[in-house]
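Undergrad: One structure, as structure tokens, below. Some questions next.
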Amino acid sequence: MLQRLIIIFLLTFAQEAVSAPSDFLPDSPLPALGKQTLTFENGADLAILIDDMGHSIFSNTQALALPGPVSFAFLPFARHSKEMALNAKALNKDVLMHAPMESIHKLSLGPGGMTSDMSEVDFKAMLLRDIDAIPHLVGVNNHMGSQLTTLNDPMRWTMDVLKERGLFFIDSRTTAKSVAWQQAVKAGMVGVQRDVFLDHELNRRAIQRQFLKAIARAKYSGHALLIAHPHQISINFLKNNLARLKDRGVQLISVSQLVEKLKLKRLAQASEQGYKKAS
């Protein structure tokens with residue numbers, strides 16, 4: 001009962017509004033608490049993905065030093081992406097490619113950007129070029145993309161390429177209209193979405209609120225994906241708080257571990273449904 005009251009408090013506290021930059025979707029609300037019967041998982045997994053890697057050796061080195069299986073997404077042609085990705089691999093960290101995708105605000109994407117006016121051939125060629133720019137990839141997530149991720153064809157093309165390369169896709173969910181994870185599921189892949197952004201407000205109180213929200217979501221559903229960025233305040237906060245996750249009943253896992261767990265869960269559900277139909 002005490003654990004349930006604590007989690008309900010965290011869920012309520014975490015719903016406070018946060019200011020949002022141009023290409024940002026606020027975290028989706030957790031289910032209403034009302035009369036609904038809540039079931040809390042015994043095991044709670046939290047995966048943390050640090051985006052926008054590759055610009056700064058100093059901040060990236062600090063981020064890579066974070067304890068535990070934190071995962072990292074590198075912009076394909078940022079100055080230090082290749083070097084930092086190699087360092088991440090040497091530290092046994094997950095390496096993802098942070099794919100620059102068109103925003104509704106038409107923000108500059110930099111090298112490797114993918115846009116809605118590309119043909120299928122050009123789009124896939126650009127995505128392959130981006131993938132080949134980062135060594136030791138296990139997956140891809142979108143950088144911006146509030147326009148492109150709403151379009152079925154480009155997202156289908158994305159999954160075609162990733163499936164062929166044996167990579168997974170993480171929907172950063174910068175728009176509520178994203179169809180990226182649905183297209184991943186249609187392609188026979190695991191559909192994984194970002195649950196919480198840590199640091200769209202760069203002050204400690206807001207970051208702590210978002211961190212608690214990620215913990216609450218993990219405890220509610222059994223897992224959560226938290227996305228952060230290599231800001232000094234974010235790195236310092238995570239450095240000081242990751243070790244405390246265990247005390248809160250939460251296990252830190254890599255993004256690839258989360259994908260594998262969700263894959264196994266989906267297979268188990270499909271098997272159970274097949275058994276029920278056969279019965």
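Undergrad: Test of understanding: among SER56, SER108, SER103, SER116, which residue is of a type outside the set (Val, Ile, Thr) and within 19 Å of the chain's Cα centre (by Cα)?
TA: Details: SER56 fails: within 19 Å of the chain's Cα centre (by Cα); SER108 fails: within 19 Å of the chain's Cα centre (by Cα); SER116 fails: within 19 Å of the chain's Cα centre (by Cα).
None of the other options fit; the residue is SER103.
Undergrad: Filter region 199-210 down to the residues that are more than 14 Å from the chain's Cα centre (by Cα) and without any contact (Cβ under 8 Å) to a residue 60 or more places away in the chain and list them by number.
TA: The answer is LEU202, ASN203, ARG204, ARG205, ILE207, GLN208.
Undergrad: In this structure, is SER271 of a type in the set (Gly, Ala, Ser), modelled with pLDDT under 95 and either over 19 Å from the mean Cα position of the chain (by Cα) or closer than 30 Å to ARG156 by Cβ (or both)? Explain how you work it out, then say what you get.
TA: On the way: of a type in the set (Gly, Ala, Ser): yes; modelled with pLDDT under 95: yes; either over 19 Å from the mean Cα position of the chain (by Cα) or closer than 30 Å to ARG156 by Cβ (or both): yes.
Criteria met by SER271.
Undergrad: Which condition breaks for ARG217 when tested against (1) touching a strand residue (DSSP E or B) at 6+ places or on another chain (Cβ under 9 Å); (2) under 19 Å from PHE74 (Cα atoms)?
TA: All conditions pass for ARG217, except number (2).
Undergrad: Answer yes if at least one residue in region 159-179 is in contact with a Phe, Trp or Tyr (Cβ under 9 Å, 6 or more places away or on another chain), of a type in the set (Asp, Glu) and either crowded, with 17+ Cβ neighbours inside 10 Å or not in a helix (DSSP H, G or I) (or both), and no otherwise.
TA: yes
Undergrad: Now a separate question. Here are some residues: LYS219, LYS213. Which one is of a type outside the set (S, T, N, Q), touching a Phe, Trp or Tyr at 6+ places or on another chain (Cβ under 7 Å), farther than 26 Å from VAL161 by Cα and modelled with pLDDT of 95 or more? Don't jump to the end; show me each part of the working.
TA: On the way: LYS213 fails: touching a Phe, Trp or Tyr at 6+ places or on another chain (Cβ under 7 Å).
Being of a type outside the set (S, T, N, Q), touching a Phe, Trp or Tyr at 6+ places or on another chain (Cβ under 7 Å), farther than 26 Å from VAL161 by Cα and modelled with pLDDT of 95 or more holds for just one of LYS219, LYS213, which is LYS219.
Undergrad: I would also like to ask the following. Give the number of residues within region 61-77 that are closer than 19 Å to GLY110 by Cα, buried (at least 24 other Cβ atoms within 10 Å of the Cβ) and more than 14 Å from the chain's Cα centre (by Cα).
TA: Total meeting the criteria: 2.
Undergrad: Another question, then. Taking region 206-223 on its own, how many of its residues are assigned to a strand (DSSP E or B) and farther than 12 Å from ASP195 by Cβ? Spell out how you get there, then give the answer.
TA: From region 206-223, those assigned to a strand (DSSP E or B) are 223; that's our starting set.
Keeping just the survivors that are farther than 12 Å from ASP195 by Cβ gives none.
Selection size over region 206-223: 0.
Undergrad: Which of the residues spanning region 83-118 are over 24 Å from THR174 (Cα atoms), charged (D, E, K, R) and surrounded by fewer than 17 Cβ atoms within 10 Å (Cβ to Cβ)?
TA: GLU83, LYS89
Undergrad: So, in region 126-145, of the ones that are assigned to a loop (DSSP other than H, G, I, E, B) and over 12 Å from MET114 (Cα atoms), which residue ends up nearest to the chain's Cα centre (by Cα)?
TA: Filtering first and then ranking leaves VAL138.
Condition check ((1) within 24 Å of GLN210 (Cα to Cα); (2) hydrophobic (A, V, I, L, M, F, W, C); (3) touching a Phe, Trp or Tyr at 6+ places or on another chain (Cβ under 8 Å)) across all residues:
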site	(1), (2), (3)
HIS55	no, no, no
GLN62	yes, no, no
GLY68	yes, no, no
GLU83	no, no, no
ALA88	no, yes, yes
GLY112	no, no, yes
VAL121	no, yes, no
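Undergrad: What tally of residues in region 74-111 results from selecting those that are closer than 9 Å to ILE134 by Cβ, of a type in the set (A, V, I, L, M, F, W, C) and not in a loop (DSSP other than H, G, I, E, B)? First the steps, then the outcome.
TA: So in region 74-111, the residues closer than 9 Å to ILE134 by Cβ come out as 74-76, 81-82, 85, 95-98.
Retained after the next criterion (residues that are of a type in the set (A, V, I, L, M, F, W, C)): 74-75, 85, 95-97.
Applying the additional criterion that residues be not in a loop (DSSP other than H, G, I, E, B) yields 74, 85, 95-97.
The number of residues fulfilling the criteria is 5.
Undergrad: A further question follows. Looking at (1) of a type in the set (A, V, I, L, M, F, W, C); (2) modelled with pLDDT of 95 or more; (3) closer than 18 Å to ASP94 by Cβ, which one does VAL190 not meet, given that it meets all the others?
TA: (2)
Undergrad: Got at least one residue in region 183-200 being part of a helix (DSSP H, G or I) and crowded, with 17+ Cβ neighbours inside 10 Å?
TA: Initial filter on region 183-200 (part of a helix (DSSP H, G or I)): 183-186.
Imposing the further condition that a residue be crowded, with 17+ Cβ neighbours inside 10 Å reduces the set to 183-184.
Within region 183-200 (the criterion being part of a helix (DSSP H, G or I) and crowded, with 17+ Cβ neighbours inside 10 Å), the answer is yes, since at least one residue qualifies.
Undergrad: Ok, one more. Give region 193-210 a look and list any residue that's modelled with pLDDT of 95 or more and touching a Phe, Trp or Tyr at 6+ places or on another chain (Cβ under 9 Å), or say none.
TA: Our first condition is that a residue be modelled with pLDDT of 95 or more; within region 193-210, this holds for 193-199, 201-210.
GLN193, VAL196, PHE197, LEU198, ASP199, ARG204, ILE207, GLN208, ARG209, GLN210, listed by residue number.
Undergrad: Among the listed residues LEU226, LEU258, LEU264, LEU242, which satisfies the condition of being free of Cβ contacts under 8 Å to residues at least 12 places away in the same chain, within 29 Å of LEU137 (Cα to Cα) and either out of contact with any helix residue (DSSP H, G or I) (no Cβ under 6 Å at 6 or more places or on another chain) or outside any helix (DSSP H, G or I) (or both)?
TA: Values: LEU226 fails: free of Cβ contacts under 8 Å to residues at least 12 places away in the same chain; LEU258 fails: free of Cβ contacts under 8 Å to residues at least 12 places away in the same chain; LEU242 fails: free of Cβ contacts under 8 Å to residues at least 12 places away in the same chain.
Of the residues listed, the single one that is free of Cβ contacts under 8 Å to residues at least 12 places away in the same chain, within 29 Å of LEU137 (Cα to Cα) and either out of contact with any helix residue (DSSP H, G or I) (no Cβ under 6 Å at 6 or more places or on another chain) or outside any helix (DSSP H, G or I) (or both) is LEU264.
The values are calculated or read from the model by the stated rules, or taken from the named source; none is laboratory data. Owing to the predicted nature of the structure, the values given are computational and were not obtained by experimental measurement. Reconstructed Cβ throughout: ideal geometry from the backbone, glycine too, with neighbour counts over all protein chains shown.
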